[in-house]
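Structure first, commentary second.
The values are calculated or read from the model by the stated rules, or taken from the named source; none is laboratory data. Note that the structure is predicted; figures quoted are calculated from it, not measured. No Cβ is skipped: glycine too gets one built from the backbone with ideal geometry, and neighbour counts run over all protein chains shown. Areas reflect the complete protein model, heavy atoms only, side chains present, ligands, DNA and RNA absent. Shrake-Rupley method; radii C 1.70, N 1.55, O 1.52, S 1.80 Å.
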Amino acid sequence: MRKIIKGIVNRTWKPFVERYLRKTRIYTFRNISVTIPPGVFHPGFFFSTHLLISFLEKQELNGKRFLEIGCGSGLVSIFAAKQNAVVTTCDISPLSFGCTKQNAVNNDVKIAVFQSDLFSEIPEQSFDIIAVNPPYYKEDPISIEENAWYCGADMEYFQEFFSQAKKFMLPSSSIYMVLSDECDLDGIQMIADRNKLLSKLALEKRTAWEKGFIFRFYLNE
């Protein structure tokens, strides 16, 4: 049944969304308004961002050193900053980089924003929380924009992410990663295991056509 529902959604909803996103849009969530130009991931049409923010609402963020990898419009990072976290954020896309910087100014929060391929341009330091809504479709991206969706045919995104993340973590640090039953959960787990990162399911939520998860990855405590 879920496959049938998803097929109907893809045939009817997807063309509308594609047309809608051809123009710059303003989106508001949790009293945060962000301006989203074409080419930047729109959090309003995909449940993953809402799932992550809803989860973070229940975490203690005050004073925490918080890093978001792949910020898109900056909505998650702005939310964390409004909870008094000390926020660093980045995106590989120059368009998303500029978008997040402007949205942070418009929402009157201070965020350190970097244009960075994963952790490559982040000054070396330790974070209490690393949040990520990753690409997980197993295809090779052929444009900067497609990095928001595709993790590489051999899941190169996750290989690089987990190998680099450890340098920015303490034993008490947590990675909170949004995933879906559409992705290769076993493959992602194997890559984390190879990098000596443990995992725990922190949240599970079902929609009519998809099941979403937030996993906590952490060093062996």
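So which residues in the range 190-202 are open to solvent by 50 Å² or more (accessible area, probe 1.4 Å) and not in a loop (DSSP other than H, G, I, E, B), if there are any at all?
Selection gives Met190, Asp193, Arg194, Leu198, Lys200, Leu201.
Spot the failing condition for Asp140; the list is (1) in a helix (DSSP H, G or I); (2) loosely packed, with under 15 Cβ neighbours inside 10 Å, and only one is missed.
Evaluating Asp140 over (1) in a helix (DSSP H, G or I); (2) loosely packed, with under 15 Cβ neighbours inside 10 Å leaves (1) as the failure.
For the range 61-82, indicate whether the set of residues that are surrounded by 18 or more Cβ atoms within 10 Å (Cβ to Cβ), modelled with pLDDT of 95 or more, in contact with a Lys or Arg (Cβ under 8 Å, 6 or more places away or on another chain) and not small (Gly, Ala, Ser) is non-empty.
yes
What single numbered condition from (1) buried (at least 24 other Cβ atoms within 10 Å of the Cβ); (2) over 13 Å from Lys110 (Cα atoms); (3) within 11 Å of the chain's Cα centre (by Cα) fails to hold for Pro43?
Among (1) buried (at least 24 other Cβ atoms within 10 Å of the Cβ); (2) over 13 Å from Lys110 (Cα atoms); (3) within 11 Å of the chain's Cα centre (by Cα), the lone unmet condition for Pro43 is (1).
With respect to Arg30, is the statement that it is over 25 Å from Ser116 (Cβ atoms) and either in contact with an Asp or Glu (Cβ under 7 Å, 6 or more places away or on another chain) or in contact (Cβ under 8 Å) with a residue 24 or more places away in the chain (or both) true?
Working: over 25 Å from Ser116 (Cβ atoms): yes; either in contact with an Asp or Glu (Cβ under 7 Å, 6 or more places away or on another chain) or in contact (Cβ under 8 Å) with a residue 24 or more places away in the chain (or both): yes.
For Arg30, the condition - over 25 Å from Ser116 (Cβ atoms) and either in contact with an Asp or Glu (Cβ under 7 Å, 6 or more places away or on another chain) or in contact (Cβ under 8 Å) with a residue 24 or more places away in the chain (or both) - is met.
Report yes if Glu146 is surrounded by fewer than 16 Cβ atoms within 10 Å (Cβ to Cβ), free of Cβ contacts under 8 Å to residues at least 12 places away in the same chain and within 16 Å of the chain's Cα centre (by Cα), otherwise no. It would help to see each step written out before you state the result.
Numbers: surrounded by fewer than 16 Cβ atoms within 10 Å (Cβ to Cβ): yes; free of Cβ contacts under 8 Å to residues at least 12 places away in the same chain: yes; within 16 Å of the chain's Cα centre (by Cα): yes.
For Glu146, the condition - surrounded by fewer than 16 Cβ atoms within 10 Å (Cβ to Cβ), free of Cβ contacts under 8 Å to residues at least 12 places away in the same chain and within 16 Å of the chain's Cα centre (by Cα) - is met.
State yes or no: is Ser174 of a type in the set (Ser, Thr, Tyr), open to solvent by less than 30 Å² (accessible area, probe 1.4 Å) and out of contact with any helix residue (DSSP H, G or I) (no Cβ under 9 Å at 6 or more places or on another chain)?
Values: of a type in the set (Ser, Thr, Tyr): yes; open to solvent by less than 30 Å² (accessible area, probe 1.4 Å): yes; out of contact with any helix residue (DSSP H, G or I) (no Cβ under 9 Å at 6 or more places or on another chain): yes.
Spelling it out, Ser174 is indeed of a type in the set (Ser, Thr, Tyr), open to solvent by less than 30 Å² (accessible area, probe 1.4 Å) and out of contact with any helix residue (DSSP H, G or I) (no Cβ under 9 Å at 6 or more places or on another chain).
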